[in-house]
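Novice: If you scroll down you'll find the structure; I have some questions about it.
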Amino acid sequence: MTHLLRLGTRSSPMALAQAERVRALLTRTNPFLTVEVIPVTTRADQWTGDLAALGGKGHFVRQLDQMLTTGAVDAVAHCVKDMESDRAVPGGLTIAAFLERDDARDVLVQPGQPPVDLNGPVPADVLATLPTGARVGTSAVRRRAQLHVARPDLELLASRGNVNSRLARLASGEWDALVLAAAGLERIGRADAVTAVLPPDQFPPAAGAGIIAVTCRDRDQQTWDLLRRLDHARTRAAALAERACLATLQGHCNSPIAAHATHVRGKLVLRAAVYAVDGTAVIASHGIGSPLDPSTLGDDVAVDLIEQGARDLITAAAHQETVAAST
C-alpha cells in the first residue's frame, strides 16, 4: 500500500531544493512512499526590513513548525542554521534526522573574477581581489564582524532576498561582491558563481551551517521510522555540539557567533568564536570531546567563552540590532 508523506518547506528556490533532496532520499529506499512537497511562504520571507524587527531568522521556522504541530504536514525540512537554539524544539516535535553535512564554508562572489573549484586550494589572502572600500553585500551579523576583522576598509551593505535575486542584484552593480554560503549555491546549482572560498580557520561558519534537518511529531512513529533512516550520525554529533554551544551562550541564529565541529581521529573537535559587531574584539575557544556526548562539549566550550567575556559582546550586538531595527 502506498503511503503519503506531506513534507513542508519554505517556498524559496533553496528551500525547495533542500526538500527535493529529502524527497529523493526517502523515495529511493521506500518504493511505496509518495512524498508531497508543500511549499509555504512564511512571514519572514515576505518581510523586506531587518529580520531583527521580527525577532530574527527563527520566523522562517516557526510557521512551519506550527503547521507540523497542527497536522497540516507530516514533516518539515529546515536549514539548521535557521533553527533557534535558544528555544527548544516545540513540544511534541523532534528532529528525526540530520542529513549528511554539505560544505559549511562561506564564499565570495565577485563579478569579473574567475570561478574557483570548491575542492581546490585556498590562497592565503582570499580577499585580496577586493579593492579598498569595496561594497560587499551580507546581512549576517557574524559575517559582517568577520569581514570587519579581516578588512576594516570594506563597506558592508545589507543583502536580503533569495540567492538568485541577490546574484541578479550583484550583476546589476548594487554591490561589488557578495558573501554567501557555499552549500546554498551548490543546492541551487550555482557553485560556478564562487570566486573565492573563505577558509573556516579565519572565517568560521555559523552553528548548523550546511546541515539540513527534518522534524516530525514525536508521536508519529511511522514518519519517525522513515526519517531516522536518513540520519547521519557524524553530522548529528556536530550539529548537537554546535547548537549546545549556541544555547549555553544564549545566542541565536543571528548573533555574532561562530561554532563549527569536526571529527578528527575518532574525537569531536569544536571551535567557536564570539565577535564584536564592528570587529574590534574576538573571543575564541575550542574543545575536544566524545561524539557520543556532543552537548557536553558544546556546553564546555561555551562556558569558556563566557568566562572570557563573550556574553558582553552578545548583549552589545543584540542591543545594536534592536536599535538598527527600530530606526
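Novice: Here's a check for you: in the stretch 159-188, which residue that is of a type outside the set (A, V, I, L, M, F, W, C) and outside any loop (DSSP other than H, G, I, E, B) is surrounded by the most Cβ atoms within 10 Å (Cβ to Cβ)?
Specialist: Among those that are of a type outside the set (A, V, I, L, M, F, W, C) and outside any loop (DSSP other than H, G, I, E, B), it is 184.
Novice: Only one of 50, 45 is over 21 Å from residue 97 (Cβ atoms), modelled with pLDDT under 95 and touching a strand residue (DSSP E or B) at 6+ places or on another chain (Cβ under 7 Å); which?
Specialist: Unique residue meeting the criteria: 45.
Novice: Tell me which residues, restricted to the stretch 207-242, are among the basic types (Lys, Arg) and touching a helix residue (DSSP H, G or I) at 6+ places or on another chain (Cβ under 7 Å).
Specialist: 217, 229
Novice: What is the one condition in (1) at pLDDT 95 or above; (2) not hydroxyl-bearing (Ser, Thr, Tyr); (3) not in a loop (DSSP other than H, G, I, E, B) that residue 131 does not satisfy?
Specialist: Looking at each condition in turn, residue 131 falls short on (3).
Novice: Restricting attention to the stretch 1-34, which residues are of a type in the set (Val, Ile, Thr), more than 25 Å from the chain's Cα centre (by Cα) and at pLDDT 90 or above?
Specialist: If the condition is that a residue be of a type in the set (Val, Ile, Thr), more than 25 Å from the chain's Cα centre (by Cα) and at pLDDT 90 or above, then 27, 34 are the ones that fit.
Novice: Moving on to the next point. Go through (1) at pLDDT 95 or above; (2) within 17 Å of residue 106 (Cβ to Cβ); (3) not β-branched (Val, Ile, Thr) and name the single condition residue 169 misses.
Specialist: If we test residue 169 against (1) at pLDDT 95 or above; (2) within 17 Å of residue 106 (Cβ to Cβ); (3) not β-branched (Val, Ile, Thr), just (2) comes out false.
Novice: Is one or more of the residues making up the stretch 292-307 in contact (Cβ under 8 Å) with a residue 60 or more places away in the chain, surrounded by fewer than 23 Cβ atoms within 10 Å (Cβ to Cβ), assigned to a helix (DSSP H, G or I) and touching a Gly at 6+ places or on another chain (Cβ under 8 Å)?
Specialist: no
Novice: Among the residues of the stretch 93-109, is any at pLDDT 90 or above and exposed (fewer than 14 other Cβ atoms within 10 Å of the Cβ)?
Specialist: For the stretch 93-109, residues at pLDDT 90 or above and exposed (fewer than 14 other Cβ atoms within 10 Å of the Cβ): absent.
Novice: Here's a check for you: in the stretch 243-259, which residue that is assigned to a helix (DSSP H, G or I) and either of a type in the set (A, V, I, L, M, F, W, C) or out of contact with any helix residue (DSSP H, G or I) (no Cβ under 8 Å at 6 or more places or on another chain) (or both) is surrounded by the most Cβ atoms within 10 Å (Cβ to Cβ)?
Specialist: 245
The values are calculated or read from the model by the stated rules, or taken from the named source; none is laboratory data. Bear in mind the structure is a predicted one, so any value in this text is a computation, not a measurement. All Cβ positions, even for glycine, are placed from backbone atoms using ideal geometry, and neighbour counts span all protein chains on display.
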